[in-house]
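Below: the structure, in C-alpha cells.
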Amino acid sequence: MLNVPSAIAQSSEFNHFGVSLGAFVTERNSKVQLNGSIPDSGTPVDLESDLGLDSSSSVFRLDGHYRFNEKHRLDFSVFDLSRSSSKQIQIEIDWDDVVYPIDTVLSTNFDLKIYKLAYTWSFMQGEKGYLGVTGGLYVADIGTRLAAESIGERSGNGLTAILPVVGVRGQYDFTDKWSLRGSTEFFALEYGDYDGSLFDIYGGVHYRIRDGIAVGLGFNTVRLSVGVSKPRFNGDLNWRYTGGLLSMSFDF
C-alpha cells in the first residue's frame, strides 16, 4: 500500500518545458487485413513473415512536456515506424480487391507514424516526485501499399486512427541524481469507426548529469488491436512493438 504523507511539500521552482531526444530500438509484430468490396474478403497478412518487413529496427524518437504549474502538464511524443520490403510471397493474398498469386514478387510499403498528446493532473505532488491521472489522444497515421510489377497490379490505402486514451503517469526521485519514470495508457471500447483495444506502457530510469540535462534508459511496449470500418480502409489491424529507448533530455 502506498503511504501518503499528511503534509506534502511542494517546490516553488520547476522547469516549465522539457524535451527528450532518443534512439528507439524496436521489435515488431504486425498483422493486417484489408477488405475490398466484400466484407471479410481480405487475406490476414503477417507483415514480417509473409511480406518480409524487418521485425527489428532503430528509429529516432522525440518526446517532450510542458508544465503549466506543479499539478498540470502536457506530454507529447512523435516517432516514425515506417518500413518497406520486397519479397516473393508464398501465399495468395487478396488485398483491397486485388489478388496477388503465390510466387509473385511483391513490394510493400507500410507507413506508420505515431503522435501522442496527453494531459496529466497530479493528485500527489511532493519533493520526491509526483503521481497523476492522464487523458489524451493516441494518433496512428497508417498507410499500406502493395505493388507487383510482374502482373501490373498496385493496391493500398491508409487511415489516421485517432484513439482517446486514459491512464496514469508518475516519477519518483531516489536521489538528487537518479529517478524512476513511468506511464501507462489504454483504450478499450467501441469508438466511432473503431472497435478494439490499445495498451501503452513505459518505464525507465534517468540520471541527471547536471541541472537541466539527463540521460535515460527506458522500455516501451504497445499492443493495438482494432477493427476499422471506413470507406478508405475496411479491415483489421493487429500490431505490437516493444523496444528499448536510450535518450537525452533537456529541461528549461
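The values are calculated or read from the model by the stated rules, or taken from the named source; none is laboratory data. Predicted model only: the values in this text are computed from it and were never measured. No Cβ is skipped: glycine too gets one built from the backbone with ideal geometry, and neighbour counts run over all protein chains shown.
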Could you check, for the range 48-64, whether at least one of its residues is part of a loop (DSSP other than H, G, I, E, B) and either under 30 Å from GLY126 (Cα atoms) or at pLDDT below 90 (or both)?
-> no
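Looking only at residues that are of a type in the set (Gly, Ala, Ser) and surrounded by fewer than 18 Cβ atoms within 10 Å (Cβ to Cβ) in the range 182-208, which one is nearest to VAL168 (Cα to Cα)?
Filtering the range 182-208 for residues that are of a type in the set (Gly, Ala, Ser) and surrounded by fewer than 18 Cβ atoms within 10 Å (Cβ to Cβ), the one nearest to VAL168 (Cα to Cα) comes out as GLY182.
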List every residue pair whose Cβ atoms sit under 8 Å apart, with the two residues 6 or more apart in sequence or on different chains, where the first one lies in the range 41-59 and is on the phi > 0 side of the Ramachandran plot and the second, anywhere, is among the β-branched types (Val, Ile, Thr).
-> GLY52/THR108
If the Cβ limit is 9 Å and pairs must be 6+ apart or interchain, which residue in the range 65-85 that is within 20 Å of THR108 (Cβ to Cβ) pairs with which residue that is aliphatic (A, V, I, L, M) and in a loop (DSSP other than H, G, I, E, B)?
-> ARG83/LEU47; ARG83/LEU53; SER84/LEU53; SER85/LEU47; SER85/LEU51; SER85/LEU53
Surrounded by fewer than 20 Cβ atoms within 10 Å (Cβ to Cβ) and closer than 30 Å to GLY18 by Cα - does that describe any residue in the range 82-94?
-> yes
